[in-house]
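First comes the structure, then the notes that go with it.
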């Protein structure tokens, strides 16, 4: 029970400050769960983000569920997920009750503008961390470049390729490239 409460409160803290979605949460998770608690490795965390990106739902919520499950099975998944959701649900309810009355106030608009800037920085930091861990050789860079170009120019292509298809294609490319390299050795 102690470990379940520890999972709940760890994700309660993370959920309380998770503005901007899953990638903005990456530095928080890495600091708390990898460096301080040692519950997962950085590689595990990157894998959870990749899986969380291509599974239904919110990336951050999926990642918390995966980590809870790794730590304590189904009960851990429920504890981590519930912990992560507690503060955002409360915040959303309070904001929903108040926002219509205060949304036009300059102080509220300025606060949201500041929060958006902070979220951009958090996401940029997450991208830089992911880059260092993911782009480790030329084949990884080629996969990155192809996926980036498909996403960046998706609006001018005759058909927009869904992100989930790109994730699966990148996984297959990784298997084929790594498999070929290992076979050559």
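The values are calculated or read from the model by the stated rules, or taken from the named source; none is laboratory data. The shown structure was predicted, so the numbers you read here are calculated from the model rather than taken from an experiment. Every residue, glycine as well, gets a Cβ built from its backbone with ideal geometry; the counts of neighbours run over all protein chains shown.
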**Criterion: within 19 Å of residue 48 (Cβ to Cβ) and not assigned by TED's automatic domain parsing to the domain that holds residue 49 - qualifying residue of 126, 140, 77** = 140
**Prompt:** Out of all the residues in segment 65-83, is one or more in a helix (DSSP H, G or I), touching a helix residue (DSSP H, G or I) at 6+ places or on another chain (Cβ under 9 Å) and closer than 22 Å to residue 121 by Cα?
**Reply:** no
**Prompt:** If residue 134 passes every condition in (1) more than 15 Å from residue 174 (Cβ to Cβ); (2) in contact (Cβ under 8 Å) with a residue 24 or more places away in the chain but one, which one does it miss?
**Reply:** (1)
**Message:** Among the residues in segment 144-167, are any touching a residue at least 12 places away in the same chain (Cβ under 8 Å), in the same structural domain as residue 29 (by TED's automatic domain parsing) and either surrounded by 10 or more Cβ atoms within 10 Å (Cβ to Cβ) or within 30 Å of residue 8 (Cβ to Cβ) (or both)?
**Reply:** no
**Asked** With 113, 173 as the choices, which residue is closer than 19 Å to residue 46 by Cα and over 20 Å from the mean Cα position of the chain (by Cα)?
**Response** 173
**Prompt:** With respect to residue 87, is the statement that it is within 13 Å of residue 18 (Cα to Cα) and in a helix (DSSP H, G or I) true?
**Reply:** yes
**Asked** So residue 39 clears everything in (1) part of a helix (DSSP H, G or I); (2) over 19 Å from residue 128 (Cβ atoms) except one condition, right? Which one?
**Response** (1)
**Item:** Condition check for residue 56: surrounded by fewer than 22 Cβ atoms within 10 Å (Cβ to Cβ), in contact (Cβ under 8 Å) with a residue 60 or more places away in the chain and closer than 27 Å to residue 164 by Cβ
**Value:** no
**Request:** Would you mind finding the one in 157, 149, 166 that is within 14 Å of residue 50 (Cα to Cα) and out of contact with any strand residue (DSSP E or B) (no Cβ under 8 Å at 6 or more places or on another chain)?
**Result:** 166
